[in-house]
Every structure is written in structure tokens, then in C-alpha cells.
Amino acid sequence: MINRKSQLQSALFTGTLLVVLDQICKNWAINMPNFSVYIISPWLGWEFFKNPGVAFGIPISGWIMTIITPPIVFGLAILLNKKYSEPKTSSHEIWGLSLIILGATSNFIDRLLLNYTADYIRILYSVINIADVMILCGLFCLL
């Protein structure tokens, strides 16, 4: 059985790699805004979208998200630290909180630098990014 320290290190390392990949993809999408390619047109593929709202295009102002994201991420980091020190904490909780924290941080970087979140993965009626997927996977881990 893998101990909690290894779980946390693995979750943070993997999450950090995903944040780097997400930022690379966002940079590419921003610098090539007219590039798009579809596996199943127009439902699944690569398509750049400036998302001023939150996940799935929910219309919440970017400046509101810029203000409330840091306290939420900080609170989740405190919760992760607390859970990490509890002996009964599952690896799902460690992974879930780590993915949410790092995914939210990646989108927060966009909001600070661009005043929107760069999305690039078209899935049906939404355009999302790797950070959104990280947040959703983190939520599923916690559930």
C-alpha cells in the first residue's frame, strides 16, 4: 500500500505536469486563434474560445472569479493539509483536492493575465480546457 506522503507527492507532481501542459495548450490556442480541427465536426475537437465566465460557459464575471478564486484555493489547500495529516484520509481525497487546487490555479493564471480563461477542447456544446477536466476529475474523486 502506498503511504499518504507518496500519494500527495504523486498527485502534486502529476497535477503540476497537467498544469504545464494546459498552459502550453492555452498559449498555442491563443497564438493560433483561427486554428481548429475536429474529430467529429462540430462536436468534438480543438477550437479556441475566450471564456469570460466559468466552466461550461456559465456567465459569472471574470473579475468576480479573480476575487473569489484565491480564498477558495487557499481554503482547499488548508483542507488538503488537514486531510493529509489524518490517518483515515483516502488517496481519492488527496488526489481530488490536489487536482481541484491545481486546475483552479491554472485557470486563475489565465484570469490574471488575460481577463478570461482560454478554452480549446470542443465537447458537444462546450469548449473546455485541461484545467476544467482536472477540476471535474477532482470532484469525482471526492464523490
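The values are calculated or read from the model by the stated rules, or taken from the named source; none is laboratory data. For clarity, every value in this text was computed on a predicted model and none was experimentally measured. In this analysis, Cβ positions are derived from the backbone assuming ideal geometry, glycine residues included, and neighbour counts consider all displayed protein chains. Accessible surface is based on the protein model in full, side chains and every heavy atom, while ligands, DNA and RNA are left aside. Shrake-Rupley method; radii C 1.70, N 1.55, O 1.52, S 1.80 Å.
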Sole residue being outside any helix (DSSP H, G or I) and in contact (Cβ under 8 Å) with a residue 12 or more places away in the chain, chosen from 45, 15: 45
Tell me, which residue of segment 73-89 that is small (Gly, Ala, Ser) and either in contact with a helix residue (DSSP H, G or I) (Cβ under 9 Å, 6 or more places away or on another chain) or under 16 Å from residue 18 (Cβ atoms) (or both) is most open to solvent (accessible area, probe 1.4 Å)? 85
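Here is a yes/no grid of residues against (1) under 17 Å from residue 132 (Cβ atoms); (2) in a helix (DSSP H, G or I); (3) without any contact (Cβ under 8 Å) to a residue 24 or more places away in the chain:
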{"residue": "50", "(1), (2), (3)": "yes, no, no"}
{"residue": "64", "(1), (2), (3)": "no, yes, yes"}
{"residue": "71", "(1), (2), (3)": "no, yes, yes"}
{"residue": "76", "(1), (2), (3)": "yes, yes, no"}
{"residue": "92", "(1), (2), (3)": "no, yes, no"}
{"residue": "99", "(1), (2), (3)": "yes, yes, no"}
{"residue": "102", "(1), (2), (3)": "yes, yes, no"}
{"residue": "105", "(1), (2), (3)": "yes, yes, no"}
{"residue": "111", "(1), (2), (3)": "yes, yes, no"}
Selection from segment 20-42 of residues that are surrounded by fewer than 17 Cβ atoms within 10 Å (Cβ to Cβ), of a type in the set (A, V, I, L, M, F, W, C) and in a helix (DSSP H, G or I): 20, 21, 24, 28, 30
Only one of 114, 124 that is open to solvent by 50 Å² or more (accessible area, probe 1.4 Å), out of contact with any helix residue (DSSP H, G or I) (no Cβ under 8 Å at 6 or more places or on another chain), more than 30 Å from residue 4 (Cβ to Cβ) and of a type in the set (A, V, I, L, M): 124
Looking at residue 124, is it touching a Ser or Thr at 6+ places or on another chain (Cβ under 7 Å), touching a residue at least 40 places away in the same chain (Cβ under 8 Å) and within 28 Å of residue 33 (Cα to Cα)? no
